[in-house]
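For reference, the structure is listed below as structure tokens.
The values are calculated or read from the model by the stated rules, or taken from the named source; none is laboratory data. Owing to the predicted nature of the structure, the values given are computational and were not obtained by experimental measurement. Cβ atoms come from the backbone with ideal geometry, glycine included; neighbour counts cover every protein chain shown. These accessible areas exclude ligands, DNA and RNA; they are computed on the full protein's heavy atoms, side chains included. Shrake-Rupley method; radii C 1.70, N 1.55, O 1.52, S 1.80 Å.
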Amino acid sequence: MPPRQSLDELLIRAGLTVVAEVRPGSLFPPEAGWRIARGIAAPDAATVEELDATWWRRLTGADGEFLVAVSGHRIGGNDAWWTRVRATDVIPRLTGHPGFLALSLDGRTLLAEVPGADGTRVTALDRLPERLAAAAEAAGSETDAERDEVWAAVPGTPAHPARWAEGIGRNPAAPDELLTELLDVAEGFLHSCDRPAVLDAALAHPDPRVRSSTADTFRPKLTPEQWVRLILAEPSPSRRVLWAEHACARGVQIPEDLYDDLLAGPSRAQAAELPGIPTHHLPGLAADADPGVRAAACARWDDLPALPRERLLADAEDTVRAAALLAHHIAVPMPREVLTLLPEPPRALEQCRLTPELEAELVRDADPEVRRAMAANPTLRAQSVAVLAQDPCDDIRAVVALRPDLTEEQRAAVRHDFDPGSRSYPVPWVERLHGDTDAMRRLAASPHPLIRRSVARARHLPPDVVERLARDEDRVVQLFLAESCDDAPAAMLLDVWRWWDGSFSHPGRPRNHPNFPRTGLLRHADDPDGRMRRLALDDPRSTPADVARLARDPEAEVRHRAAEDPRLAPADAVRLLNDPAHYVRAAAVRNPRLPARVLFALLHDRDTAHEAITNPSIPVPVLQRLLAASTAALRSRNLPSGRRPVVTTPPAGPPIPAVGQ
């Protein structure tokens, strides 16, 4: 994007004085202006070859100020900003630039010049709100015959084939067979795909990049059997082990013969670190010629026979011997002379059992880093824990306060600062107790918020524990209960909804929680809080009239909910294409009630093609033609299958119908 300074210079050369940058707010947005200037879902414009002084006077008014946006000079991300300017001449010298929009401060006059295949397109509109409303009503009256005629003309020439190909995989109406074909063109949709047949096809695909895409994702949907197939089909030994690591991290039980194969390959050292290696392999790993493999074997110390342990403790390699000593002294007290020999003493301080004398000395060490490491050691004696609980460093006392060997009374006695707004993660030892009802009941009453938050992450909890946590004074406890616990109560879920709308790790919660209330929500249609009004359309008693009313709500999140509703009137879907909020406009583009004539134009517009292709109202035969056309266009540009092209100025597409035509 050109720098802000270059836009200012351009406007000054055009005879304009820059006043300020203006956020969209409740204004008609530049993005909608560009679309209308290109003739998409646009009202009839005045027939003019060029903008004369009369139109500029309508735009600027008495003070000479108006809003402008210039092509290639986007300011402000998705919700692009206007630039407020003052004209020094009757007609600003903007003509001849790559393209511009100009909007009066009252939002009633729009002037634009944009280049097109047939030359410059000039748009001049007054009474803009009324004209847009009339155009939306006209577009919404589309008949079945008109819709069929539009779809018969698709795709035409694909001006933006890459955007079609990338978006088809997100269309919920696309059948498995079509998505399987799409694997040859753009496999990125696999990152959110949960269709077994499509994933099976991807795992059998000859392109390793496609196969890898099934696992290179934040939330993979693969079954244990599919994980094993992915590992077996991977030709790269190192990546085979990588996929095995991912599978093990997700609880997949890898077959023993597959471990045999991984350990026999060139990535044996990497494979030796897998957590589920069968015990019969361990003696061989402990005697391996590669010191990295021998060091990895020490992680399974308790499963090793006595003789391999003795050899590892006396190994000639320092790294192997250090790993063996660390593993050995988990159970056997470590004396000072051994500690001083270790290349990384802090690891021993955090995990090894120490002799009583050494432990008593280290918990009083002058170095706070030493005491901090000791505070995390699970083998400490009670006397040492008591000493660290009185440590002068607050962060050390904070570590002590989370130890599993404290009673809740002892935990309450440890003074430490806790920031309730800090990001928190489940405490591992509490997670391991999620299936222990008595432990959950005891820990739910803990004085430490992180303990209670970790309890709330359990999938299931006893009713009395749920009741207690649902009333917790720490609202993050309630949030975690809403996100993770299937037993969370409806009233609490509704309360959490007032201030939380879902996270990346738990999208949709609390609204998509099975206990979230589904009835009685229509009473919130007039709630002063927009978040509560947003819920009204989830009530089964809500009607299309309720959708139409909330589509005109003053808050964007409420309009967004209406824009997603399949009961939205076609005219309202067109009207919301001009919404000030980018995400409302995007939802309107995806709404299945959008008229086909408008959707056709959006498919051929660079700014909206990637969203328009996901609209579920596009008939499957049309999706098939769109995929075929985009595939052919990409191949004609000599792009490898699946390679994302850089989209440049596209060739001319078919005529794009305006609403008024």
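With equal scatterers on the alpha carbons only and no solvent term, can you work out the Debye log10 of I(q)/I(0) for the stretch 205-303 at 0.11, 0.14, 0.25 1/Å? Those come out to -0.32, -0.51, -1.34, one per q.
Sorting Tyr425, Tyr259, Tyr583 on solvent-accessible area from highest to lowest, probe radius 1.4 Å, gives Tyr425, Tyr583, Tyr259.
Probing with 1.4 Å while keeping every protein chain in the model, the per residue accessible area of the stretch 358-491 equals 49 Å². The peptide list 101-108, 144-151, put in order of mean Cβ contacts within 10 Å with the highest first, becomes 101-108, 144-151. So, R0 is 51 Å and r is the distance between the beta-carbons of Val18 and Cys248; what FRET efficiency does that work out to, to 0.05? Efficiency computed from Cβ-Cβ geometry: 0.30. Here Asp495 sits with roughly 80 square angstrom of accessible surface, probe radius 1.4 Å. With viscosity 1.567 mPa s and temperature 4 °C, the Kirkwood radius over alpha carbon pairs of the chain converts through Stokes-Einstein to a diffusion coefficient of 43 µm²/s. Pairwise Cα separations in the stretch 467-510 fall into 5 Å bins from 0 onward with the following percentages, short to long: 5, 27, 39, 22, 7, 0.
Tell me, what is the FRET efficiency for Asp216 and Ala491 to the nearest 0.05, using R0 = 41 angstrom and their Cβ-Cβ distance as r? Don't skip to the end; give the middle numbers.
Numbers: r = 41 Å, r/R0 = 0.99.
Taking R0 as 41 Å, the efficiency between Asp216 and Ala491 is 0.50.
Across the accessible surface of the chain, with the other protein chains kept in place and a 1.4 Å probe, carbon and sulfur atoms take up 53 percent. Quick note on the stretch 164-218: its Rg to Rh ratio, both from C-alpha atoms and Rh being the Kirkwood radius, is 0.90.
Rounded to whole Å, the principal axis extents of the Cα atoms in the stretch 455-604 read 56, 31, 23, largest first. The residues packed around Trp56, meaning those with a beta-carbon under 13 Å from its beta-carbon, carry a net charge of -2 if Lys and Arg are +1 and Asp and Glu are -1. For the stretch 381-497, the direction-averaged projected area of the alpha-carbon convex hull comes to 7.2 nm².
Let a ≥ b ≥ c be the square roots of the eigenvalues of the Cα gyration tensor of the stretch 11-115; is it rounded (a/c under 1.5), or, if not, prolate (a/b larger than b/c) or oblate?
In terms of gyration-tensor shape, rounded.
Computed with a 1.4 Å probe over protein heavy atoms only, the accessible surface of the stretch 209-329 comes to 48 Å² per residue.
The 1.4 Å probe gives accessible areas that order Arg606, Arg523, largest first, as Arg523, Arg606. Averaged over residues, the count of other Cβ atoms within 10 Å places the peptides 157-164, 404-411 in the sequence 157-164, 404-411, highest first. What's the Kirkwood radius of the stretch 312-386 in Å, using all Cα pairs? Result for the stretch 312-386, one decimal place: 12.4 Å. The calculated FRET efficiency for Arg347 paired with Thr437, based on their beta-carbon distance and R0 = 25 Å, is about 0.10.
Fraction of C-alpha pairs exceeding 19 angstrom in the stretch 373-432: 27 percent, rounded to a whole number. Between the stretch 323-384 and the stretch 189-209, the alpha-carbon centres lie 49 Å apart.
Averaged over its residues, the stretch 1-137 has an accessible area of 46 Å² per residue, based on protein heavy atoms and a 1.4 Å probe. Restricting the calculation to alpha carbons of the stretch 106-185 gives Rg and Dmax of 18.4, 51 angstrom.
Annotation: for a label point projected 7 angstrom from Cα along Cα→Cβ of Val620, residues of the stretch 168-210 with backbone N closer than 14 Å are 172-181.
Calculated mean residue ellipticity at 222 nm for the chain: -12000 deg cm²/dmol, from DSSP H runs with n ≥ 4 weighted as -39500 (n - 2.57), summed, divided by the residue count and rounded to 500. A simple charge model with +1 on the Cβ of Lys and Arg, -1 on the Cβ of Asp and Glu and nothing else charged puts the dipole of the stretch 40-107 at about 220 debye relative to its Cα centre.
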